[in-house]
Amino acid sequence: LREGRVVGRNHHTSLIGRNGAVTPIEDSAAPIKDRSGVLSGVVMVFRDVTARRNAEAALNASEVRLRTIFNQAAVAIALTDLTGRFTQVNQKFADVFGYSIIELQQHTFADLMHPADLPSAKESLVQLVAAEGAGLTLEKRCLRSDGIVIWTLSTIMLVTDQAGRPQTLVGIVEDITARKRAEEAQARLVAVIASSDDAIISMTLDAVVLSWNRGAQYMYGYTADEVIGNTTQALIPPDRSNEESGILDRIRKGERIEHFETKRQRKDGTIFDVSIAVSPIEDSRGRVIGACKITRDITQSKRTEAALRETDRRKDEFLATLAHELRNPLAPIRQAALISGSDTATDAQRCWSHNVISRQVHHMSLLLDDLL
């Protein structure tokens, strides 16, 4: 002021009123000079900035809260510039990808993408920035720092300045690897069930059909539309009508039924042999809420077993007959040999013995030739 300059002070200061109230202010001062140019005083201006200071305090508190939420969030959050270089990431994001926060600030999002998914991800981001859209969702594979492939679901938003110019990209990332593996496992299971030749059905504990695979359609002759929503009673022969309820009683107790052989009935009324395995279906709390039944048509194997038993019976009969036929010639041969070897045997007896032995040996030779 003594140098004749106007002074403005906007540092945080306050005035205290007569009643003790504190008023945040900004102050400024200008020199007052007399006609000869000598400094004779100053004029001071005090501006009440209570509203602005309150707004600043609220903004600072909001920033602190946002920073705390950002850093402590249970979801992975990252900010990048328009080139994809990370400017800020939270700890959860670092944990998901196996890097430290400082390491990630030396990388771009492209460094974390699986090479096979990188081109489409880049194209999506380019379109987002160019169109200045509200955001996009990407389900892509990424690479952890240790090289392990993970699946991520990323929600990416574009932040613009007051003039609407793109400034920053904000990404919220969820690790969905476990979900994708579960989906893949379920897809494999569905494919196995769909392609199985066995009838695989699920039902309620009241025997109401919930699912019906292609194998069941081929086996029973009913389409899924004809069966789902109805009970399994039409599949069971009349003389076994109580069998299903007994099975479901055991399932309610949590038991499993393995290789239960019985009979079932097709749409055309045909009765056929089956082997059934039934397992309980449990909910997330372990309560039995239904049953899964796998039925295999064993008609052919039953026929094969019967044929084998018949073959064994015929074999036994054949061996008994063969033994009898082979033993029959032995008695005459033995008798003829005794007579022929006797000192008192006549020439006629020896000739007879020789003929018997020759005839029986010839007969045995024919039997052995037929056998061979």
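Side notes on the structure shown:
- Residue match in the stretch 79-87 (condition: within 30 Å of GLU103 (Cα to Cα) and aliphatic (A, V, I, L, M)): yes
- Hey, SER36 open to solvent by 70 Å² or more (accessible area, probe 1.4 Å) and part of a loop (DSSP other than H, G, I, E, B) or not: yes
- Scanning the stretch 151-202 for residues that are farther than 19 Å from ALA110 by Cα, in a strand (DSSP E or B) and within 20 Å of the chain's Cα centre (by Cα) gives ILE200, ILE201, SER202.
- Filter result for ALA51 (without any contact (Cβ under 8 Å) to a residue 24 or more places away in the chain, exposed (fewer than 11 other Cβ atoms within 10 Å of the Cβ) and either closer than 30 Å to ALA30 by Cα or in contact with a strand residue (DSSP E or B) (Cβ under 9 Å, 6 or more places away or on another chain) (or both)): yes
- Within the option set ALA51, ALA58, being over 42 Å from the mean Cα position of the chain (by Cα), at pLDDT below 85 and part of a helix (DSSP H, G or I) holds for one residue only, ALA58.
- Residue match in the stretch 102-115 (condition: among the polar types (S, T, N, Q), open to solvent by 50 Å² or more (accessible area, probe 1.4 Å) and either part of a loop (DSSP other than H, G, I, E, B) or in contact (Cβ under 8 Å) with a residue 60 or more places away in the chain (or both)): yes
- Annotation note: of ILE247, ILE251, the sole residue that is outside any strand (DSSP E or B) and touching a Phe, Trp or Tyr at 6+ places or on another chain (Cβ under 8 Å) is ILE247.
- Within the stretch 261-288, being over 18 Å from TRP212 (Cβ atoms) and either open to solvent by 50 Å² or more (accessible area, probe 1.4 Å) or among the charged types (D, E, K, R) (or both) holds for GLU261, LYS263, THR270, ILE271, ASP273, GLU282, ASP283, SER284, ARG285, ARG287.
- The set of residues in the stretch 152-200 being under 30 Å from LEU128 (Cα atoms), open to solvent by less than 60 Å² (accessible area, probe 1.4 Å) and not hydroxyl-bearing (Ser, Thr, Tyr) consists of LEU153, ILE156, LEU158, ASP161, GLY164, PRO166, LEU169, VAL170, GLY171, VAL173, ILE176, LYS180.
The values are calculated or read from the model by the stated rules, or taken from the named source; none is laboratory data. The structure displayed is predicted, hence computed values, not measured ones. Because the Cβ atoms are built from the backbone with ideal geometry, glycine has one as well, and the counts that use them run over all protein chains shown. Quick note on the areas: whole protein, heavy atoms, side chains included, nothing else; ligands and nucleic acids left out. Shrake-Rupley method; radii C 1.70, N 1.55, O 1.52, S 1.80 Å.
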